[in-house]
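> To start, I am sharing the structure in question, which I have written as structure tokens.
The values are calculated or read from the model by the stated rules, or taken from the named source; none is laboratory data. Quantities reported herein were computed from a predicted structural model and do not represent experimental measurements. Reconstructed Cβ throughout: ideal geometry from the backbone, glycine too, with neighbour counts over all protein chains shown. The accessibility values were calculated without ligands, DNA or RNA, using every heavy atom of the protein model including side chains. Shrake-Rupley method; radii C 1.70, N 1.55, O 1.52, S 1.80 Å.
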Amino acid sequence: MYFIINLLGVLIFLAVGVLLSKKRKDIHWRGVGSLLALNVFIAWFLTSFPIGRDIVQAAAAGFTWLVSVAYEGIAFAFPDWVHVPQMNFFTSALLPILLVVPLFDILTYIGLLPFVIKWIGKALAFLTHEPKFESFFAIEMMFLGNTEALAVSSLQLKRMKADRCLTLAMMSMSCVTAALIGVYTKMMPAEFILTAVPLNVINALIVTNLLHPVKITEEEDTVARLDDGGKEREPFFSFLGNSILGAGRLVLIICANVIAFVALAKLIDMLLVLIHPAITLENILGCIMFPFAWLLGLDSTEAFAMAQYMGTKLVTNEFVVMLSVQDILSTYSRHMQGVLTVFITSFANFSTLGMIIGCFKGLVDDNKNDLISRNVGYMLLSGILVSLLSAGLAGLFIW
């Protein structure tokens, strides 16, 4: 019976996306169908065969190594920030941008990254019927994370229309950073963590296709290059210096927005507690999420616990939930362990909204920023639906 409920839940999550779509008539059903079939296969493959998880782990290890190199540069300037038992958020998540962004800008400058985007984008677009850049961006953010993927795609963002920028903002709510995958796997079952990563990527494309379908002409479906328009390229070291300065500005903008959003959420919580001690954002969201937790194929007791974890994750972050459940996770059913782990393995929460908005403010013009800021609700909805779909699809094969 619970399998039937889980299957029904996946269909309902998709229906919610259709119901709340901005342009229902423009939904590309062929693309949605292809993506859904691909994700069902991925969920089956990664939960049933170790080789699938080994592939994801190997790729993640490469990007984790890159971030560890960034820590060497940070330690040269601030050794007391790196050589500590636990680095703070600013050091571990934001300062590596100072290496990642210039590195990928260099790859763009020499033409390697546009070449890779072009051909991988074509392959993914053929399989998924999605635009080339959006297809590659999904893979890019799977390992780099949301702000890093946006930052290294700044040239493309500046040249694409505002509607497509909103699509990327919505997709950015649904990823993780490769550097954190190793940390996650020490706290939660590794097989479920590694299953969630690619599922989120494909589901981000599905959900944005449903909520915010955008028609793209063949002329628009291109990859931006530094030498577009026949202009002479900027000298390399001038280009590199501007890239480093841009990365530094981006780090500060993201940090400021995260602090503000987290503080505002805490302020709302403190005001709600004045009404009644039990009224908090986590509890309110937990009550709202209970029907969706039940639709993941859980009994009422586990569904109630799942809903509370969902609410906590949306208001705070995935680390808070992982720390609170890692010692008691084994007391839950295997199905509960799987869907809970997959659901919380993403950056979909209020503070991520601040990170993405801050990132776009540092990269694109006011017109695009205004559109993204007006659609904060859709960005959060996108992140929640992606997490629900990923948990629901993985849950079909975890019993």
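> Can you list the residues of the range 85-104 with backbone N under 14 Å from a point 7 Å past the Cα of residue 319, pointing along Cα to Cβ?
Answer for the range 85-104: 85-96.
> Take the alpha-carbon centre of the range 1-34, take the same for the range 337-359, and report the distance between them in whole Å.
21
> Further, regarding this structure: Largest first, what is the accessible-area ranking of 2, 378, 184 with a 1.4 Å probe?
2, 378, 184
> Moving on to the next point. Kindly express, to the nearest 10 degrees and within the range 0 to 90, the angle between helix 97-109's C-alpha long axis and the longest C-alpha principal axis of the chain.
That helix lies at roughly 50 degrees to the long axis.
> How much length is gained if the chain between residue 86 and residue 68 is pulled fully straight, taking 0.36 nm per residue apart and subtracting their Cα-Cα distance, in nm to one decimal?
Gain in length upon complete extension: 5.1 nm.
> Relative to the longest principal axis of the C-alpha atoms of the chain, give the angle of the C-alpha long axis of helix 112-128, reported between 0 and 90° and rounded to the nearest 10°.
Tilt relative to the chain: about 40 degrees.
> Using 26 Å as the Cα-Cα cut-off, could you pick out the over-long pairs in 23/158; 22/132; 122/313; 23/266; 132/361; 161/313?
Details: 23/158 24 Å; 22/132 22 Å; 122/313 35 Å; 23/266 35 Å; 132/361 24 Å; 161/313 32 Å.
Result: 122/313; 23/266; 161/313 exceed 26 Å.
> Grab the Cα-Cα distance for residue 18 and residue 373, subtract it from 0.36 nm times how many residues apart they are, and report the gain in nm with one decimal.
Gain on stretching residue 18 to residue 373: 125.6 nm.
> A further question on this structure: In degrees between 0 and 90, to the nearest 10, how far off the longest principal axis of the chain does helix 236-275 point, with axes built from Cα atoms?
Approximately 30 degrees, to the nearest ten.
> Suppose the chain between residue 106 and residue 234 were pulled fully straight at 0.36 nm per residue; how much longer would it get relative to their current alpha carbon spacing?
That pair, residue 106 and residue 234, stretches by 44.9 nm at full extension.
> Between residue 161 and residue 274, with labels modelled 7 Å along Cα→Cβ, what's the label distance in nm to one decimal, could you check?
4.6
> Let me ask another. For an R0 of 22 angstrom, estimate the FRET efficiency from the Cβ-Cβ distance between residue 284 and residue 330 and round to the nearest 0.05.
My answer for the efficiency is 0.15.
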